[in-house]
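The next block holds one structure in the form of structure tokens; read it before the comments.
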Amino acid sequence: MQSLKIADKTFTSRLFTGTGKFGSNQEMEEALLESGSQLVTVALKRVDLNDDNDDIIAHLRHPQFNLLPNTSGVRNAKEAVFAAELAREALGTNWLKLEIHPDPKYLLPDSEETLAATYELAKRGFIVLPYIQADPILCKKLEDAGAAAVMPLGSPIGSNQGLETRRFLEIIIEQSKLPVVVDAGIGTPSHAAQAMEMGASAVLVNTAIAASPNPVQMARAFRLAVEAGRLAFEAKLAPRSSQAHATSPLTGFLSTL
Amino acid sequence: MSFESVLNQYSWKEVHESILAKTAKDVEYALASAKPDLEDFKALISPAALPYIEQMAQRSADLTRKRFGKTIQLYIPLYLSNICENRCVYCGFNAGNSIKRKILTLDEIMAEVEVIKAMGYEHILLVTGEAPHRSGMDYFREVFKALRPHFAQISLEIQPLEAHEYAELTEMGLHAVYIYQETYNRDNYLNYHHAGRKQDFQWRLETPDRLGQAKVHKIGLGILAGLEDWRTDTFFCALHLNYLEKTYWRTKYSIAFPRLRPHQGSFEPNNPMTDAQLLQLICAYRIFNNEVEISISTRESALYRDNILKLGVTTMSAGSKTEPGGYAVENRELEQFAVNDDRSAAEIEKAIKAQGFEAVWKDWDGFM
């Protein structure tokens, strides 16, 4: 399986994970270790940035885990930039998952504010991974803005509905110069495998692991599904149909020229 | 960052060998693939694909219909000048050829415009040789000012310009620029280009990047079939197209594969392309890229053009003269090459209609 490069880091696991919704930090730690994930996102709002012994962070102190602070909870670009600066100082990383959702019900990302914040944060030296609508034009604009990857949603966050935006994800993957990480909505390992077969660079999964009655085993299932999907993409899928044509109605003229 | 850095990652020889190594199985795979990639494209232009020409034509025809409908866009070149400082072995305007040289005055241009408008055209393609002191920005500014009221779209096939010059002309009504690399084989490029600025491979190669930066609406790419191995050259052209689409994603693209025609001078094609191979190539491009415009000029015969007009092309020239002033007063001593399909625009429109297609003369308006 090919490794994945984003900005200055190389990942051998294409399963990115979240840290919310687990029954305990102990359970989270075990599940994330089992997932093989090397990039773990943490909501800034849940971490005590002034406490060096914050319990969530303590459970994530493993050499394989790179932290990806996220700005979940901010409502506009200004708040996002402020939160990002705090995270960089407290957690010692310039990586950032940019999440701006002014809508508390479906937590859908605000495209306009996200684009503005990406310009500003890239200028300030952040490695920005914006969480966005599956909007191909927005993805191209984020490239210009200096994003390090794009993270379009498969369906609303936490919904486990799968790749409802499939047709648009395909266009994004086809056109993007940046890694495409399918984020949000992936509810089952088969959803993750589908995204990887389509050519997504990685997937980010949280609720589907954390909310399972057996998060550790589910984490392993996702690890295997992501690997299977990626291997299938690299092998190239077998064609679905082949047509046979006996006559030559369109090209018969070539023999008369 | 420009296309040069992408091109440098490839070796001509390796690409050439990998195309020749494609098998029938690779071709069948490419034909069945929902989104063929560059490796699939290699299979489709390989010798192994020729027996599949009918399947390719059917797929290409379907895809073209789906995207473009039953239409063929017509275009007409207006040759403004045959003065040229380059010495390109394949071109009638070669500075070393002893032909009469002419650059049209504004009055002469308006005489041409009258004939062209009477044919029904609302779009115009302006063509010159490369002689910046004669047909440079000052000249183009004057010409654009004069032509703007008469045409909804003005396109150019002239020497490469700087990005800011393209941006300036876009403000004045420039729609599209056609800039053919002729060959992507850097090692052999100078064999065909013996003098003039066109000898600068990189300057020409990076012209589409400058066009993208200048936000010109449409960029036309192409190679001159007959110079180097056409398969390898058209692979690099596809690579170029892919790079440009991803980088300058607001821009439209078109592609053409002119085959060498008889012209003043003695150069004979090194690697001629057959009729069947040209059709194979058109179909391969359409299967690879469903959206790109594909144009075919009057270099090809009437019979050939009539037979392929449903199979993948979207754009055709009609009623063309390739000498400056040729519409008002024919003077073949001045021409760039001898046209093959010499029917009038009206006759070509009739031939298009006879196949159940519509000829499109205009798809934009000057006020827009």
Relative contact order of chain B, pairs being alpha-carbon contacts under 8 Å that are 6 or more residues apart, as %: 26
For q = 0.09, 0.11, 0.21 Å⁻¹, Debye-computed log10 I/I(0) when each Cα of the stretch B:222-368 counts as one equal scatterer: -0.33, -0.49, -1.41
The percentage of the accessible area of the stretch B:248-306 (probe 1.4 Å, all protein chains present) made up of carbon and sulfur atoms, to the nearest whole number, is 47
Average accessible surface area per residue within the stretch A:62-194, 1.4 Å rolling probe, Å²: 41
Using the Kirkwood radius over Cα pairs, work out the Stokes-Einstein diffusion coefficient for the stretch A:40-85 at 10 °C and 1.306 mPa s, in µm²/s as a whole number. 139
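Around A:Tyr131, with a cut-off of 11 angstrom between Cβ atoms, what is the net charge of the other residues, counting Lys and Arg +1 and Asp and Glu -1?
Around A:Tyr131, the charge tally is -2.
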Mind checking how much accessible area B and A bury in total, 1.4 Å probe, in Å² rounded to 100? 2100
Please work out how much length the chain gains when fully extended from A:Leu86 to A:Asp8, using 0.36 nm per residue of separation minus the C-alpha to C-alpha distance, in nm with one decimal. 25.9 nm
Are there residues in the stretch A:172-198 whose accessible area shrinks by at least 50 Å² when all protein chains are included rather than the chain by itself, and which are they (probe 1.4 Å, ligands and nucleic acids not counted)? A:Glu174, A:Lys177
Under 20 Å from a point placed 7 Å out from the Cα of B:Phe357 along the Cα-to-Cβ direction: which residues of the stretch B:108-123 have their backbone N that close? B:120-123
A correct Stokes-Einstein calculation for the stretch A:43-135, using the alpha-carbon Kirkwood radius, 20 °C and 1.002 mPa s, returns a whole-number D in µm² s⁻¹ of 158
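For the stretch B:1-79, what is the accessible area per residue in Å² when the probe is 1.4 Å? Walk me through the numbers before you get to the answer.
Details: 3670 Å² over 79 residues.
Computed with neighbouring chains in place, this is 46 Å² per residue.
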Computed magnitude of the charge dipole of chain B (debye, nearest 20; Cβ of K, R +1, Cβ of D, E -1): 480
How many Å² of accessible area per residue for the stretch B:250-358, probe 1.4 Å? 37
Complex-versus-alone comparison for the stretch B:20-39, residues with a loss of 50 Å² or more in accessible area, probe 1.4 Å: B:Tyr29, B:Ala32
Based on the alpha carbons, how large is the Rg to Rh ratio for the stretch B:81-140 when Rh follows Kirkwood? 1.02
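Given a cut-off of 20 Å, what percent of all Cα-Cα pairs of the stretch A:87-204 lie beyond it?
Counting every Cα pair in the stretch A:87-204, those more than 20 Å apart make up 39 percent.
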Using a Cα-Cα cut-off of under 12 Å, which aspartates and glutamates could be cross-linked to B:Lys100, ignoring same-chain neighbours fewer than 8 residues away? B:Glu323, B:Glu333, B:Glu335
Peptide-level mean, for B:236-248, of C-beta atoms on other protein chains within 10 Å: 1
Give, to the nearest whole percent, the P(r) tail of the stretch B:286-368 beyond 14 angstrom, counting all Cα pairs. 68
Put a dot 7 Å past each Cα toward the Cβ at B:Arg67 and A:Leu33; how far apart are the dots in nm? 5.3
Would you work out what percent of the accessible area of the stretch B:41-92, with all protein chains in place, is carbon or sulfur (probe 1.4 Å)? 52
Of all DSSP beta bridges located in chain A, what percent are antiparallel, nearest 5? 10
For A:Ile171 and A:Ala211, what is the calculated FRET efficiency with R₀ set at 45 Å and r taken between the beta-carbons, to the nearest 0.05? 0.90
Reciprocal mean inverse distance between Cα atoms of chain A - Kirkwood radius, Å: 19.0
With an 8 Å Cα cut-off and a minimum separation of 6 or more residues, compute the relative contact order for the stretch B:72-183 in percent. 27
Restricting things to alpha carbons, find the Rg to Rh ratio for the stretch B:192-287 using the Kirkwood radius for Rh. 0.99
Considering the alpha-carbon set of the stretch B:1-119 alone, what are its Rg and its Dmax in angstrom? 22.2, 60
Which residues of the stretch B:50-76 end up with at least 30 Å² less accessible area in the presence of all protein chains than when their chain stands alone, using a 1.4 Å probe? B:Glu54, B:Gln55, B:Gln58
Once neighbouring chains are kept in place and the probe is 1.4 Å, which whole percent of the accessible area of the stretch A:1-108 is contributed by carbon and sulfur? 48
Gyration tensor (Cα only) of the stretch B:130-225 to equivalent ellipsoid, semi-axes in Å sorted down, yields 25, 14, 11
Stokes-Einstein D for chain B (10 °C, 1.306 mPa s, Kirkwood Rh from Cα pairs), in µm²/s, comes to 76
Tail weight of P(r) past 40 Å, computed on alpha-carbon pairs of the protein assembly as shown, percent: 39
Quote the charge dipole size of the stretch A:1-51 about the Cα centre in Debye, to the nearest 20; the model charges only the Cβ of Lys and Arg (+1) and of Asp and Glu (-1). 340
Using only Cα atoms, tell me the angle between helix A:189-198 and the longest principal axis of chain A; keep it within 0 to 90° and round to the nearest 10. 50
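The values are calculated or read from the model by the stated rules, or taken from the named source; none is laboratory data. The structure presented is a predicted model; accordingly, all values stated were derived computationally and were not measured. No Cβ is skipped: glycine too gets one built from the backbone with ideal geometry, and neighbour counts run over all protein chains shown. SASA here: full protein model, heavy atoms, side chains in, ligands and nucleic acids out. Shrake-Rupley method; radii C 1.70, N 1.55, O 1.52, S 1.80 Å.
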